[in-house]
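Each reported figure results from applying straightforward, stated rules to the coordinates on display, with no laboratory input. The shown structure was predicted, so the numbers you read here are calculated from the model rather than taken from an experiment. Heads up, the Cβs are rebuilt from the backbone with ideal geometry, glycines too, and the neighbour counts pull from every protein chain shown.
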Amino acid sequence: MIIIMSSEITDAQVETVTQRLKAWGLESNISRGVERTVIGAIGDESRIDKELLQALPGVEQVIRVMKPYKMVARSYHKDTTVIDVKGVKIGGSQVQIIGGPCSVETQPQMDKAAEYAAAAGCHLMRGGAFKPRTSPYTFQGAGIEGLAMFRKAADRFNLPIVTELMDVRQIDAFLQYDVDVIQIGTRNMQNFDLLKEVGRLSKPVILKRGMAATISEWLMAAEYIAAGGNQNIIFCERGVRSFETYYRNMLDVTAIPVLKKETHLPVIVDPSHAGGKAWMVPALSRAAIAAGADGLLVEMHPTPCEAWCDADQALNPEELVELVGSLRGIAQALGRTL
Ligand code: PEP
Ligand code: MN
């Protein structure tokens, strides 16, 4: 950490800073320039309270040299992490398509969805049993019954299941139905107590990007999960809120190479919640895979116009088949399979 002192400082102020650093177990390297004194803090930066330093008299600016995230950072873990979900690898050479409806509705709907997802080449299935809806008057999800329906439908096709956890009180049910991948939704990306709890589990976690979260905040959210002992984390870019109203969210394709550089963990993209319309999904999906995403989380409903949630962004089964086919060539060009 580098501490830049203001132009008119006293020796006592420099001494206060160095004493404070010493109390945290760090050494100081003082450089006195013509106009500025700069103090370099040498030692474990994580012990420093940046805000407290910044509040000391004579301190103008405090700059971190080290990244605030450790366990999720590629600089701490050079090898790319591949996450194994019941034998399905996420983050390896195979691009994974996770398909399924926005929400679990009925058993026949889930049975059909599972059949179509498997037929299209998906190796994992999505579906929300607990739904974070903007309005409290709309369908809130089938709850625990939904988990049961989902498990039953997916098991017939050997598909591991991905579903959203909204509250720590749902964890027992998630374990009871052996949910394979826990999704932390956009609205909960910074629900730190929830992150700490999933950090204590060994289940893989898909961590969606917050509505307006910076990449650094997103990485720190993942660090919460990793710090608890669970390093099976998959980042999911699903678009961020912008000034534009034509589409639901702005897909941040740039985040894909940035995350690939910053973290060793897999990165997938949800083109459905980004575009918000089914017709945008193929183009966004192709962009995501071309940019290096390890997979997609796509909404597909057996009959989209009957969907109880997010009807206009769901692909129909044929569209999902077509999409997967159109992605194969892109994956191959990158030396990957699909
Ligand atoms: C979802 O995947 O069903 C969902 C609610 O997504 P998000 O958290 O990205 O809005
Ligand atoms: Mn949805």
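Quick notes on this one:
- Set of region 199-241 residues, backbone N closer than 13 Å to the point 7 Å along the Cα-Cβ line of residue 192: 220-225
- One decimal place: the segment residue 51-residue 322 gains 92.3 nm when fully extended, by the rule 0.36 nm per residue minus the C-alpha distance.
- Here the chain is assigned +1 on the Cβ of each Lys and Arg and -1 on the Cβ of each Asp and Glu. Its dipole about the Cα centre then comes out at about 460 debye.
- The value of relative contact order for region 150-199, using C-alpha pairs under 8 Å at least six residues apart, is 36 percent.
- Computed FRET value (nearest 0.05) for residue 333 with residue 212, which takes r as the C-beta separation and R₀ as 51 Å: 0.95
- Paramagnetic label reach from residue 175 (point 7 Å along Cα→Cβ; backbone nitrogen cut-off under 13 Å): within region 198-214, residues 198-203.
- Listed peptides 228-238, 206-216 appear in the order 228-238, 206-216 once ranked by packing, highest mean of other Cβ atoms within 10 Å at the front.
- Residue 29 paired with residue 283, simple spin-label distance in nm, labels 7 Å along Cα-to-beta-carbon: 5.1
- Short-range pairs are left out: with C-alpha atoms under 8 Å and at least six residues apart, the relative contact order of the chain is 16 percent.
- Efficiency of FRET from Cβ geometry, residue 261 and residue 202, R₀ 25 Å, rounded to 0.05: 0.35
- For region 250-296, fraction of C-alpha pairs farther apart than 12 Å, in %: 56
- When each of the peptides 306-315, 38-47 is scored by how many other beta carbons lie within 10 Å of its residues on average, the order from highest to lowest is 306-315, 38-47.
- A Cβ-based charge dipole, computed about the Cα centre of region 1-151 with Lys and Arg at +1 and Asp and Glu at -1, lands at about 480 debye.
- Charge dipole of region 237-330 about the Cα centre (unit charges at C-beta), most positive-ward option of 302, 290, 325: 290
- Note on residue 254 and residue 137: the model spin-label points, each 7 Å out from Cα along the C-beta direction, lie 4.0 nm apart.
- Farthest towards the positive end of the charge dipole of the chain, among the residues 230, 171, 275, is the Cα of 230, using unit charges on the Cβ of Lys, Arg, Asp and Glu.
- Of the residues 31, 93, 41, the one whose Cα sits farthest towards the positive end of the charge dipole of region 10-102 is 93 (charges of +1 on Lys and Arg Cβ, -1 on Asp and Glu Cβ, taken about the Cα centre).
- Once the C-beta distance of residue 145 and residue 80 is scaled by a Förster radius of 51 Å, the resulting FRET efficiency is 0.85 to the nearest 0.05.
- Degrees between helix 215-227 axis and first principal axis of the chain (Cα, 0 to 90, nearest 10): 80
- Degrees, to the nearest 10: 281-290 long Cα axis against longest axis of the chain: 50
- Average 1/r across all pairs of distinct alpha carbons in region 1-63, invert it, and you get the Kirkwood radius: 11.4 Å.
- Tail weight of P(r) past 17 Å, computed on alpha-carbon pairs of region 190-291, percent: 51
- Spherically averaged projected area of the chain from its Cα convex hull (nm²): 19.6
- Free-standing Cys residues across the chain, given no other cysteine C-beta under 4.7 angstrom: 122, 236, 305
- Packing-based ranking, highest mean first, of 318-330, 274-286, 114-126 given that Cβ atoms within 10 Å are counted: 114-126, 274-286, 318-330
- Intensity falloff of region 88-206 expressed as log10 I(q)/I(0), Debye formula with alpha-carbon point scatterers, at q = 0.15, 0.16 Å⁻¹: -0.65, -0.73
- For residue 238, distant residues with modelled amide H under 5 Å away: 209, 270
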